[in-house]
Amino acid sequence: ELYHKAIRFLECIEPEKNKITRLWIDTEFPLKNASDTQAAMGLIQYYCKNKMCLQCQIGNEILGREIIVSSV
């Protein structure tokens with residue numbers, strides 16, 4: 001019950017504004033609330049900082065687009 005209450009609380013708070021969340025501003029992944037910003041920061045911490053783009057679904061999507069664009 002406490003877990004669900006905490007999630008609902010994060011979903012009611014405005015998205016954070018910091019260096020990491022600004023990286024997401026121009027993406028197709030809008031950050032609508034504090035829950036989204038926590039998830040985005042977690043992805044960057046786990047995947048981006050460890051250069052694990054190919055293990056990340058978002059990284060694969062971005063790299064796939066870049067490969068298509070650069071081959072044109």
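The values are calculated or read from the model by the stated rules, or taken from the named source; none is laboratory data. Keep in mind that what you see is a predicted model, and the values were worked out from it rather than measured. Note that we place each Cβ from the backbone using ideal geometry, even for glycine, and neighbour counts take in every protein chain shown. When the accessible area is computed, the model is the full protein with side chains, heavy atoms only, and any ligands, DNA or RNA have been set aside. Shrake-Rupley method; radii C 1.70, N 1.55, O 1.52, S 1.80 Å.
To the nearest 500 deg cm²/dmol, what mean residue ellipticity at 222 nm is calculated for the chain from DSSP H runs of n ≥ 4 alone, each contributing -39,500 (n - 2.57), summed and divided by the residues?
-16000 deg cm²/dmol
With a 1.4 Å probe and every protein chain left in place, work out the accessible area per residue of the chain in Å², rounded to a whole number.
On a per-residue basis, 84 Å².
Which of the lysines could a cross-linker span from Lys5 if the Cα-Cα distance has to be under 24 Å and same-chain partners fewer than 8 positions apart are dropped?
Partners found: Lys17, Lys32.
Arranged from highest to lowest average of other beta-carbon atoms within 10 Å per residue, in what order do the peptides 48-56, 2-10, 29-37 appear?
Highest-to-lowest ranking by the protection proxy: 29-37, 48-56, 2-10.
What does the highest-first list of 22-28, 40-46, 58-64 look like by mean Cβ count within 10 Å? Could you put the intermediate results ahead of the total?
Working: 22-28: 11.0, 40-46: 14.9, 58-64: 13.3.
Ranking, from highest mean packing down: 40-46, 58-64, 22-28.
Under 19 Å Cα-Cα from Lys19, which aspartates and glutamates qualify once same-chain neighbours fewer than 8 residues away are excluded?
Hits, sequence-local ones excluded: Glu28, Asp36.
State the label only: which of [x] 11.2, 31; [y] 12.8, 47; [z] 14.6, 52 corresponds to Rg and Dmax of the Cα atoms in Å computed from the shown model?
This structure yields the entry labelled [z].
How far, in nm, would the chain grow between Gln38 and Cys53 when pulled straight, counting 0.36 nm per residue and subtracting the alpha carbon separation?
3.5 nm
If R₀ is 35 angstrom, what is the calculated FRET efficiency for the pair Phe29 and Glu1, using the beta carbon separation as r and rounding to 0.05?
That gives a FRET efficiency of 0.75.
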